[in-house]
């Protein structure tokens, strides 16, 4: 990925100033913000193409992403798109599900048709 300068947290602050807090996004909120599924986000994290989550609690069961890092990621993606160097994804999209209405459901049960009932 390309470097776009220091992250907002890394900017110099005057002595005595408190750092600004960054909102934490949970995994269930990411698809609406980023525009891809949770599965695709996991694949991009494994490929090193998406910011890694932070632990919200000590047991590492609750994870979140800093909104500032997600915004920086989006800006990097936009810069790649505008430069014409956008990489092709290394993950494969999930194939569409087969039509559930046309799949074979097996043999019909005896006595289940309308002709046998009189």
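Nothing in this text is a laboratory measurement; each read-out follows from the coordinates by a stated rule. As the structure is a prediction and not an experimental result, all values here were calculated from the model. All Cβ positions, glycine included, derive from the backbone under ideal geometry; neighbour counts span all protein chains shown.
Mind giving me the nanometre distance, one decimal, between the label points for residue 55 and residue 20, set 7 Å out from Cα along Cα→Cβ?
A separation of 2.9 nm, rounded to one decimal place.
Which value does Rg/Rh take for region 22-92 over its C-alpha atoms, Rh per Kirkwood? Could you put the intermediate results ahead of the total?
Details: Rg = 12.7 Å, Rh = 13.0 Å.
The Rg/Rh ratio comes out at 0.98.
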